[in-house]
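The values are calculated or read from the model by the stated rules, or taken from the named source; none is laboratory data. All of these numbers come straight from a predicted model, not from anything done at the bench. Here the Cβ positions follow ideal geometry from the backbone for every residue, glycine too, while neighbour counts run over all protein chains shown. All accessible areas refer to the heavy atoms of the entire protein, side chains included, with ligands and DNA or RNA removed. Shrake-Rupley method; radii C 1.70, N 1.55, O 1.52, S 1.80 Å.
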Amino acid sequence: MNTTDFLSIAHAICPERDCMVFGGKRRTYARTNDRINRLANGLSELGVGKGDRVGIIHVNCSQYIESYYAVTKLGAILVPLNFRAKAGELSYMIANAEAKVLLMGNRYIDLISTILPQLPTVKQLISIEGRNEGMLYYEDIIDSSSSGECICEIDDEDITILMYTAGTTGRPKGVPLRHSAFVVYVLENVEPASPEIEEKNLLTVPLYHVAGIQAVLAAVYGGRTLVLMSQFEVKEWMETVQREQATRAMLVPTMLKRIIDDPDFTRYDLTSLQVITYGAAPMPFEVIKKAIDLMPWVKFINAFGQTETASTITMLGPDDHIIKGTKEEREKKLKRLTSSIGRPLPDVEVQIIDEDGNSLPPLGVGEIVAKGSRIITDYWGNEGKSLHLLTSDGWLHTGDIGWMDEEGYIYLVGRGDDMIIRGGENISPEEVEDVLYSYSKIEEAAVIGVPDPEWGQQPRAIVVLKKGEDGTAEEIMEYCRSRLAGFKRPASVIFIDSLPRNPMGKALKRELREQYGQP
Amino acid sequence: MSQLGKRYRCQECNTEILCTKAGDGAPLCCDKEMEVQEPKPIASSD
């Protein structure tokens, strides 16, 4: 079974139900499947075939999901690109993926044009939103192509998505995700489409994020209507829930905080919501507690995972969000709500290991490692050379530090590496440091994460200027503005005389965090 | 009750099937009629 079967199943069971609602347009599963077939046939005419990579850069839209399925029906691989990425980051990802075709929204055309000379593998550009010179127009391809069903032999172990994630050592890493990784999860956790059950999923998590793609695949298999927002905006989100009577939504903690803190929160009817899933970053206790108080009818789920694990591997379920029982039980549940990511899903093994790789007993603090058929074994193009991805006996290093209680609940303590997570987006400090080092006035630089009530963490640059140079925080942030995606730019800069370093010359991030890590 | 969209499980070998096109017949496995499965009580995380 592969992910295209999810669409065939929902199309067979509920063809006249809305598959997607976006930008004032509603399209049924039958209509969506027809458009996907046309796009797939059009892409096939352009030479896209099995194993080819097709990149896409755009905010969330219905065409994004159509493109995923069209590419997948051909046995090809979609490469979702972070729409906040800058030229250098994008050209690296597209070149690394060796993408043959690129689909893009209007706002990214100029950016792609500037890097195109560095991308020899790219043979065709497709404009999603309108006709543009030198490009094919998405709707023209659909209008001019056959709607016949595409038949391509797809193996469960074929790669369906190549997704880039921030690495701890600078450059983004390509994570090849197989059909089986999504199929195993969806079949285990999602009820298939039913003519009797109608659900609507409001999707705001970006589709270049694994949680966004997982939500799409779960929704399609479940025959749910996907209500898409191009980007999260708090009032639009509440208005959309009310108008569409959305039953499910996925949010990162920053989004949930904005919703419950909005002065107009009580003006909207959000009672249609049955499930809110959150994850991608630690949830402040005050935020989830307030959300439970304000929306007692909602089942909250904390889902924890990574791109490398094809999304969710542990879950703190709805029952864990209901604080009741004896005093002892209430205290236990409150503790879990504060810092637990729940228990592993049935198809995943999770354990805590010490620095020597030994499994720790309950309550022992160490690195969280995971094993299971959904977990990747190597990064794209590394051919067995992805050092430190897996332990010698095949457990994935998550990079997260935590412990497990006697009942198998896992608690997060922090990151084992220097990764910064801002509003659910991973930031590699080294990538930001590379940009800082390219500035002529900077002698030394290190980037750390600083706690932030809105975003969870914000990057902070610790800078040593070259002798005789004068510099301001504003000019350094301005320098980063054109070279880094917005979320990666340092939100503050601190000037010091020299960086603390170990005997090998490595900057001591722990010391920097202790001294300069407070807001 | 329409079979469309229903999951059936064999009580002998645990094979599970999903009906995507309904008909007059009833699904059999291991020489026995398969049992209709109720929707899972736990909400999925998506």
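Can you pull the one-decimal nm distance between simple spin-label points at residue A:443 and residue A:508, each 7 Å off the Cα toward Cβ?
The answer from the label model is 1.9 nm.
Once you put a point 7 Å from the Cα of residue A:245 and another 7 Å from the Cα of residue A:389, both along the Cβ direction, what distance in nm separates them?
Label-label distance for residue A:245 and residue A:389, simple model: 4.6 nm.
Quick one: length gained pulling residue A:331 to residue A:264 fully straight, 0.36 nm per residue minus the C-alpha distance?
20.9 nm
Highest first, please rank the peptides A:414-426, A:61-73 by the mean number of other Cβ atoms sitting within 10 Å of their residues. Intermediate values should be presented prior to the final figure.
Numbers: A:414-426: 19.2, A:61-73: 25.0.
Packing order, densest peptide first, comes out as A:61-73, A:414-426.
Starting from the Cα of residue B:9, step 7 Å along the direction of its Cβ; do the same at residue A:106; then give the gap between the two resulting points in nm.
About 5.2 nm separates the two model spin labels.
Could you run the Karplus curve 6.51 cos²θ - 1.76 cosθ + 1.60 with θ = phi - 60° over the stretch B:11-21 and give me ³J(HN,Hα) per residue in whole Hz, x for Gly and Pro?
Once rounded to whole Hz, the list reads 6, 8, 10, 6, 4, 10, 10, 10, 8, 10, 8.
When you have a sec, figure out the Kirkwood radius of the stretch A:326-452 from all distinct Cα pair distances and drop it here in Å to one decimal?
On the way: mean 1/r = 0.0586 Å⁻¹.
Averaging 1/r across every pair of different Cα atoms and inverting gives 17.1 Å.
Per the Kirkwood treatment, what hydrodynamic radius in Å, one decimal, follows for chain A from the mean inverse distance over all distinct Cα pairs?
On the way: mean 1/r = 0.0415 Å⁻¹.
Every distinct Cα pair counted, the radius reaches 24.1 Å.
So what is the relative contact order for the stretch A:423-516, in percent, with contacts set as C-alpha pairs under 8 Å and at least six apart? Could the numbers behind the result be given before it?
On the way: 139 pairs, mean separation 25.9, N = 94.
RCO, the stretch A:423-516: 28 percent.
If the only charges are +1 at each Lys and Arg Cβ and -1 at each Asp and Glu Cβ, what is the size of the charge dipole of the protein assembly as shown around the Cα centre, to the nearest 20 debye?
Numbers: 62 positive and 82 negative charges, 192 e Å.
Here the size comes out at about 920 debye.
For residue A:163, what residues show an amide H to amide H distance below 5 Å, using hydrogens built from the backbone and excluding near sequence neighbours?
A:175, A:177
Report relative contact order for chain A in percent, whole number only (criteria: Cα-Cα under 8 Å, sequence separation at least 6). Could the numbers behind the result be given before it?
Working: 1076 pairs, mean separation 58.6, N = 519.
Reported as a whole number, the value is 11 percent.
Determine, from the Cβ-Cβ distance of residue A:470 and residue A:293 and an R0 of 41 Å, the FRET efficiency 1/(1 + (r/R0)^6), rounded to the nearest 0.05.
Numbers: r = 51 Å, r/R0 = 1.24.
Efficiency for this residue pair is about 0.20.
Would you mind checking the pairs A:200/A:235; A:467/A:488; B:6/B:32; A:73/B:6; A:466/A:509; A:324/B:6 and listing those with alpha carbons more than 29 angstrom apart? Write down the numbers at each step before the final one.
Working: A:200/A:235 18 Å; A:467/A:488 27 Å; B:6/B:32 17 Å; A:73/B:6 25 Å; A:466/A:509 21 Å; A:324/B:6 35 Å.
Cα-Cα > 29 Å for A:324/B:6; rest within.
Under the definition of Cα pairs under 8 Å and six or more residues apart, what whole-number percent is the relative contact order of the stretch A:37-113? Could you put the intermediate results ahead of the total?
Working: 95 pairs, mean separation 31.0, N = 77.
Computed over the stretch A:37-113, the figure is 40 percent.
A 24 angstrom limit on the alpha carbon distance is what I want to check against. Which of A:299/A:332; A:25/B:21; A:86/A:257; A:299/A:327; A:299/B:21 exceed it?
Numbers: A:299/A:332 19 Å; A:25/B:21 28 Å; A:86/A:257 28 Å; A:299/A:327 22 Å; A:299/B:21 33 Å.
Listed pairs above 24 Å: A:25/B:21; A:86/A:257; A:299/B:21.
Let me know the mean shielding of B:18-25 by other chains, meaning the per-residue number of their Cβ atoms within 10 Å of its Cβ. Walk me through the intermediate numbers first.
Numbers: counts 8, 4, 9, 2, 2, 0, 0, 0.
Across the residues of B:18-25, the mean count of other-chain Cβ atoms within 10 Å is 3.
Given a 1.4 Å probe and the protein chains all in place, what does the accessible area of residue A:380 round to, in Å² to the nearest 10?
50 Å²
Keeping all protein chains in position, work out how much accessible area residue A:258 exposes to a 1.4 Å probe, and write it in Å² to the nearest 10.
Counting only protein heavy atoms, residue A:258 exposes about 90 Å² to solvent.
When the label point is put 7 Å from the Cα of residue A:482 along its Cα-to-beta-carbon vector, which residues of the stretch A:62-95 have a backbone N closer than 18 Å?
Counting backbone N atoms under 18 Å from the label point, the list is A:85-91.
Pop the C-beta distance of residue A:286 and residue A:31 into the FRET formula with R0 = 56 Å and round what comes out to the nearest 0.05.
That pair, residue A:286 with residue A:31, gives E of 0.80.
Short version: ³J(HN,Hα) in whole Hz for each residue of the stretch A:117-129, in order, from phi by Karplus 6.51 cos²θ - 1.76 cosθ + 1.60 (θ = phi - 60°), x for Gly and Pro, what are they?
In residue order, the calculated couplings are x, 8, 10, x, 6, 6, 9, 8, 10, 10, 8, 7, 9 Hz.
Mind ranking A:314-324, A:365-375, A:209-219 by how tightly packed they are, going by the mean number of other C-beta atoms within 10 angstrom, highest first? Could you put the intermediate results ahead of the total?
Working: A:314-324: 17.6, A:365-375: 20.9, A:209-219: 25.6.
Going by the mean number of other Cβ atoms within 10 Å, highest first, we get A:209-219, A:365-375, A:314-324.
With θ set to phi - 60°, apply the Karplus curve 6.51 cos²θ - 1.76 cosθ + 1.60 along the stretch A:150-157 and write out the HN-Hα couplings as whole Hz, x wherever there is a Gly or Pro.
Ordered by residue, 3J(HN,Hα) equals 7, 10, 9, 6, 10, 8, 4, 8 Hz.
Using modelled backbone amide H atoms (1.01 Å from N, in-plane), which distant-in-sequence or interchain residues come within less than 5 Å of residue A:227's amide H?
Counting only residues 5 or more places away or on other chains, the set is A:21, A:201, A:202, A:203.
In debye, nearest 20, what is the charge dipole magnitude of the stretch A:316-431 about its Cα centre with +1 on Lys and Arg Cβ and -1 on Asp and Glu Cβ, if you could check?
Working: 13 positive and 23 negative charges, 129 e Å.
So the dipole magnitude of the stretch A:316-431 works out to roughly 620 debye.
Expressed in nm to one decimal, what extension gain is obtained for the pair residue A:406 and residue A:363 from 0.36 nm per residue of sequence separation less their Cα-Cα distance?
Using 0.36 nm per residue and subtracting the Cα-Cα distance, I get 14.7 nm.
Counting only other chains, and only Cβ atoms inside 10 Å, what mean value do you get across the residues of A:186-195?
Details: counts 2, 2, 2, 6, 5, 9, 7, 4, 6, 5.
Average per residue, whole number: 5.
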